C-alpha cells in the first residue's frame, strides 16, 4: 500500500529480502545520506552544491548539538524538579526556558582556571576529546530516512570504535588535573567504560546477527515487520536491557556515575575544571545521553521506522502516516526520559559492585543471550516474520 | 611508660626511606573540611591504597566554637541557648539535658504538664532529625530524590514546632524549671494531622529506598561494628543498638514521661550500616506511637515552675545527667561552687563518641563504604567539635 | 542498687575510695596512683562490669593548684552510673592513659590534653584534637589568656 | 568611542549581567546550623531555589559562582575558607548568612576561636541576618544579589568591595538611610571600649 506524504518519500520500488530463509516482501524507504548527496554532487562536477551540503551539514550538526544541549539541560532540570515535588527553573523566561542560555553565557564568561600544577596541554585538550567522540558517533546516526550524515557499511563497528573515545577525554582530564580526586575519578571511569564496552558490543551483536548487516539503514529496515526488542522471543528484550544498563554505565550517569560521584569524589574527573571547559564536559555528557538513547532506539526500537505489526496492512498504514522523524524523536525522548528516571531514583553503586555487575552478571547473560539469539536466527523463528 | 606528642604533619609526611611503602603504593587524601559527604566540616585524612582505605584519621576542630569556655561565663539559664547550636537537629533534647542538669542540681521539681510537653516535642524532633538523616543518606549514596522527600516532610514538623517555640531550628524552648511558652492551641490538632499524613509517607520511604537492591547492597555488611567495639568506642544511640545492645536511656533510666508510654526499642543483629538504617526508620514509627499516646493526655498545669528572672545558684557538687537524643546519649556535666555560674560545664556529645568507630569500621573498605558509614553514623559536626 | 550499696561494693574493690558529697550520680575519689588498677577492677568485676566509659573530662582548680580528672562510667549489665574523680598537681600534670581499657579513652584524653594540657603517659597518639598543632596554651585552664578573646561588656 | 559601539558594549554588559544573575550555582559548603536552613531553602521543595536557577549545587569550588557562608567560621576554618574562595573562578559572589558570619553572633564573646564576621577573611556581597535566617530571608538575599549583579554593583573584585548590603531592609528605607541610622545608633550607645577592642581586626576597619 502506497502512501504519499510531503514529509517523506516512500520508495517507488518494492524489494524482497530474506530473513531466516523466509521471503518477506515490503516497501522500502529510500535512504539518502549527506555523504551520498555530496558524492553525487561531486560526481556531477557540481562543486557549489557539494560545498553547500558540506557547510550546511556541518552548521546544522553544530547548531543541532548546541540546541539539543540547551533543551536537555532544561529538560533534565525540569524532570528532576517534578520528580522531587518542586517546580524547577521558573524565573528566567516563560517557565524558565531561558535558564540554560543564561547558564551557557555564564559558563562562557567564567574565569578559566588552569591549575599551576596541571599538565597544561592535556588539561586543555581533554574536554575536546569528549566532544570529538560525541561528534564522531553522530556521523552514523540515522535520524530519519533523509537525515543521516554517512551510512557506513560497517556502521556498528564504527560506533563501537568511537563510543570508547570519550573515555580518553575523561582519563586525560582526570590525570592532567593533578588532583587525587580527579585521578580516582579518571581511573574509575576508565575501568568502568572498558568493562561495559564488552556487554554493550555483545548486545549490539545480537541485533547485527538478527538483521544480518552492520549498516544502520539496513538494521532499521530489517525491523519493518517489528522491532527487535519484542520480535525475537525475549532475546531482543534481554539484549535491550543489557544495552540500556551498559550504556548508562558508559555515559557515567547515575546509578553508575562513579567517576563523578559528587558525594564521594567532589566531581571526580572534572573537579578542577571551571567555566567553558566544564561546560564542554557537561555538554558532552548530555549529548552522549541523547546518542545512547538514539542508538537504543535505532537498534531495538526500530529507529525512524514506524510501529508495524507483520502483515496488518491497515494498522501499518495508519502508523505510516506519522513521519519518521517524529517516530525517531519520540523513541529517543522516551529513552532519554528513562535515563533521567534512573538518575533521580537509584543510589550509586560501589566500585567493586560495578565490576561484579559487569563481569559476573551482564557478561554471562549477554553471552548466553548471544547463543540463544544465534539459535533463533538459525531456526528462523520470529514473530511476524 | 612513654610520652610523645605528635602532630598531624608528622603522620602525613613520614620520613622517606629506601624501602618506605608510601613511596610506591599508599597515598594520603584529604576528605574535607569542605566535602559533600562529611556533613559539614569534618576532615578525614585517608591513607589509601588505590581505592581501598588503609587508615582513617579524623581531624576535628574546624567548627570548634569553644562552647565549654563560654559556658563558664554564663548562668545556668543562659547556657541553654548555646546547646541549640551544638546538635541543631535535636536542639530541644539538648535544651532538656541542660535543664535537667540544672534542675537536678537545684532540686527543682517540674509538674507533669511540663514533662509531657517536653517528651512530646522531643519525640517530634527525633522524627524530624531522622527524616533529615534519611534524606541526606540518599544524597550521599547518590539517590537525590530521597533528600527532597525527607525535607518535604521535615517542613511539616518545622511548622508545628515553630508555632509553639517561635523558631525553626534553634528553639531555646525548654528552660531550667519549665518551658519558655505554653503550647500553641493549634499544636494538638496539627500533630494529629501530621501523624495521619506521615504514616503513609514512611511506607513511601521504604518503597523508595529500603526496598532498593542497590541501597541494600551498599549498606549490608558494610562498616560492621561488633557489640564489643561499639561499647569500647563509646557508641550510644542507634549506633550501639544496631550492634545488638538494647540500651536506650528512655527505657533504661526513664526521664520525662517515658515510663508511662509503651514503645519498643529496635535492636540490630549485625551492626552494619543496614542495621543502623532500619533502626532509624523503625524509631520513627515508635516515636509516632509515643506521640499518639501522649497527644490526647496532656495534663493541665503551669508551664514554668521557677520565676523567670531568678538567678540560678548552683550548689557545690558535680552533676552529670544524660538524655537520649536522636543520635545517642547526650551527657551534661555541671560543676557548681555555690555561685550562679558553673565552675565547669562539659557536654558529653554523642556524635563525638560515635565518630571514632570510623577508624575501625572503614579500614579495608572503599571510599564509597566510608561515605555510607559516615552517613549512617548520622554525625552533626558542630556537636563533635562543640 | 542504691548509692550506698554501690559505694559499699566499691570499698570492697579498694578501701581507699572516698565518696564526694552532693553529687549525682555517685562520685568517688581515688588517689591517682591507684587509678588504673581500680578502673581495671571496676571493668572486670562481674558484679560491677563498668564496660562503657561515657565521658572523661578535667577541671581546673587554680586556687588548690590541682587538676581534677573525672571519668563517667556506665555498667550496661547492672545499669549503674559512677563518676570516678582523681586529682593531679597543676605543676606536673601527668596521668596514666585508660586507652587500654576503653579505646574511646584515647580520643577523650586527646580532647583533655588539647584543652587542659594534661599529659597522658602511655598514650598511643597524643596530639592536639580541636586546635592547630602550633596553638600556644591550653584554653580551658582558668588562667588562659588570649588576645583574641573578647570579654562581655557589662 | 562612537555612540553605537558603546551601545553594543552596554548591551553586552547587560546580557552578561543578566546571565550571571540568573545562573548562580552555589558551592556545597556549610559549617553549622545555618547550613540546614540553607538546605531547606536551596533544595527542599517548599522554598525551592531552583526557581531562580540556583539549585545546581556544585561540590567543587571551581564550578561554583556563589559561596553561601552558612554557619560559624572559626580560626582553624579561616584558611580553608580563604583557599576555597581563591579557588572559585571570577566572577564570584559571597552571601553571609546568619549572625555568626556577620559578627560572630552568639559566639562573639568569651570564645577563643570564633572569627567575628566572615568579612574578616573574604569579601562579602550580601549579609542575611538571622540565627539562622529563615529560608525566605536567604531567598531574599539571593534576589538582592541578583539585583546587585544586574545593576553592576557586585562585580567580583576582591579587596575593593567591602560595602555590606543588608538583605532585609525595612520597607521604604534606602541603604544610605539605614547605614546612617546604624552609625547614629552606635554613636549614641557606644559601650564598647575601642581601646580594649582595638586588637580585634574588625573595629580597626570601622566602616560607619
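Selection over region B:335-344 of residues that are crowded, with 23+ Cβ neighbours inside 10 Å and either at pLDDT 90 or above or more than 10 Å from chain C (Cβ to nearest Cβ) (or both) gives a count of 1. Considering each residue of region C:79-88 in turn, none proves to be away from chain B (no Cβ under 13 Å), surrounded by fewer than 17 Cβ atoms within 10 Å (Cβ to Cβ) and on the phi > 0 side of the Ramachandran plot.
With respect to residue C:63, determine if the residue is touching a residue at least 12 places away in the same chain (Cβ under 8 Å) and within 14 Å of another protein chain (Cβ to nearest Cβ). Criteria not met by residue C:63. Scanning region C:49-83 for residues being in a loop (DSSP other than H, G, I, E, B) and under 17 Å from residue C:19 (Cβ atoms) gives a total of 1. Scanning region C:28-60 for residues being more than 11 Å from chain B (Cβ to nearest Cβ) and without any contact (Cβ under 8 Å) to a residue 40 or more places away in the chain gives a total of 9.
Kindly evaluate residue A:312 against the criterion of being more than 25 Å from residue A:197 (Cα to Cα), surrounded by 15 or more Cβ atoms within 10 Å (Cβ to Cβ) and out of contact with any helix residue (DSSP H, G or I) (no Cβ under 6 Å at 6 or more places or on another chain). No.
Looking at region B:219-231, is at least one residue at the interface with chain C (Cβ under 9 Å from one of its Cβ atoms), within 18 Å of the chain's Cα centre (by Cα) and assigned to a loop (DSSP other than H, G, I, E, B)? Within region B:219-231, not a single residue is at the interface with chain C (Cβ under 9 Å from one of its Cβ atoms), within 18 Å of the chain's Cα centre (by Cα) and assigned to a loop (DSSP other than H, G, I, E, B). Is it true that some residue in region A:287-306 is more than 16 Å from the chain's Cα centre (by Cα), away from every other protein chain (no Cβ under 14 Å) and in contact (Cβ under 8 Å) with a residue 24 or more places away in the chain? Among the residues of region A:287-306, at least one is more than 16 Å from the chain's Cα centre (by Cα), away from every other protein chain (no Cβ under 14 Å) and in contact (Cβ under 8 Å) with a residue 24 or more places away in the chain, which makes the answer yes.
The rows are residues; the columns are (1) over 30 Å from residue A:64 (Cα atoms); (2) under 23 Å from the mean Cα position of the chain (by Cα); (3) surrounded by fewer than 17 Cβ atoms within 10 Å (Cβ to Cβ).
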| residue | (1), (2), (3) |
| --- | --- |
| A:330 | no, yes, yes |
| A:336 | no, yes, no |
| A:344 | no, yes, no |
| A:356 | yes, no, yes |
| A:377 | yes, no, no |
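Among the residues of region D:82-99, the ones that are modelled with pLDDT under 85, more than 8 Å from every other protein chain (Cβ to nearest Cβ) and either closer than 24 Å to residue B:66 by Cα or surrounded by fewer than 18 Cβ atoms within 10 Å (Cβ to Cβ) (or both) come to 3 in all. Just checking, how many residues over region B:151-169 are more than 7 Å from every other protein chain (Cβ to nearest Cβ) and either closer than 23 Å to residue D:130 by Cα or free of Cβ contacts under 8 Å to residues at least 24 places away in the same chain (or both)? Residues that pass the stated criteria total 13.
For region A:62-84, the condition holds for at least one residue, the condition being that it is under 19 Å from residue A:338 (Cα atoms), within 14 Å of chain B (Cβ to nearest Cβ) and in a loop (DSSP other than H, G, I, E, B).
Among the criteria (1) away from every other protein chain (no Cβ under 11 Å); (2) over 29 Å from residue A:182 (Cβ atoms), the one residue A:119 does not fulfil is (2).
When you go through (1) more than 7 Å from every other protein chain (Cβ to nearest Cβ); (2) surrounded by fewer than 24 Cβ atoms within 10 Å (Cβ to Cβ) one by one for residue D:51, which number turns out not to apply? Result: residue D:51 fails condition (1) only.
When you scan region B:69-87, how many residues do you find that are over 25 Å from residue B:158 (Cβ atoms) and crowded, with 22+ Cβ neighbours inside 10 Å? Matching residues across region B:69-87 total 3. Step by step: first the residues of region B:232-254, then only those that are away from every other protein chain (no Cβ under 11 Å), part of a loop (DSSP other than H, G, I, E, B) and without any contact (Cβ under 8 Å) to a residue 60 or more places away in the chain, then the one that is surrounded by the fewest Cβ atoms within 10 Å (Cβ to Cβ). Which residue is that? This residue is B:254. Within region A:85-102, the residues that satisfy the criterion of being within 14 Å of chain B (Cβ to nearest Cβ) and either over 15 Å from residue A:340 (Cα atoms) or at pLDDT 85 or above (or both) are A:85, A:86, A:87. Among the numbered criteria (1) in contact (Cβ under 8 Å) with a residue 12 or more places away in the chain; (2) assigned to a loop (DSSP other than H, G, I, E, B), which single criterion is violated by residue C:150? Unmet for residue C:150, out of (1) in contact (Cβ under 8 Å) with a residue 12 or more places away in the chain; (2) assigned to a loop (DSSP other than H, G, I, E, B): (1).
Residues of region B:16-33 include at least one that is at pLDDT 80 or above and part of a loop (DSSP other than H, G, I, E, B). The one condition from (1) part of a helix (DSSP H, G or I); (2) in contact with a strand residue (DSSP E or B) (Cβ under 7 Å, 6 or more places away or on another chain) that residue A:369 does not meet is (2). Does residue A:35 qualify as being surrounded by 15 or more Cβ atoms within 10 Å (Cβ to Cβ) and more than 30 Å from residue A:148 (Cβ to Cβ)? Criteria not met by residue A:35.
Screening residue D:76 with (1) within 14 Å of chain B (Cβ to nearest Cβ); (2) in a helix (DSSP H, G or I); (3) free of Cβ contacts under 8 Å to residues at least 60 places away in the same chain; (4) in contact with a helix residue (DSSP H, G or I) (Cβ under 7 Å, 6 or more places away or on another chain) gives one miss only, at (4). Filtering region B:52-87 to residues that are within 13 Å of chain C (Cβ to nearest Cβ) and assigned to a loop (DSSP other than H, G, I, E, B) leaves B:60, B:61, B:62, B:63, B:64, B:65, B:66, B:72, B:73, B:74, B:75.
Taking region A:124-215 as the region of interest, the helices (runs of 4 or more DSSP H) fully inside it that hold 2 or more residues being closer than 21 Å to residue A:300 by Cβ, over 18 Å from the mean Cα position of the chain (by Cα) and at pLDDT below 85 are A:180-211.
From the list A:70, A:136, A:98, A:122, the lone residue that is touching a helix residue (DSSP H, G or I) at 6+ places or on another chain (Cβ under 6 Å), within 30 Å of residue D:143 (Cβ to Cβ) and surrounded by 15 or more Cβ atoms within 10 Å (Cβ to Cβ) is A:70.
The values are calculated or read from the model by the stated rules, or taken from the named source; none is laboratory data. Bear in mind the structure is a predicted one, so any value in this text is a computation, not a measurement. Neighbour counts run over all protein chains shown; Cβ positions are idealised from the backbone, glycine included.
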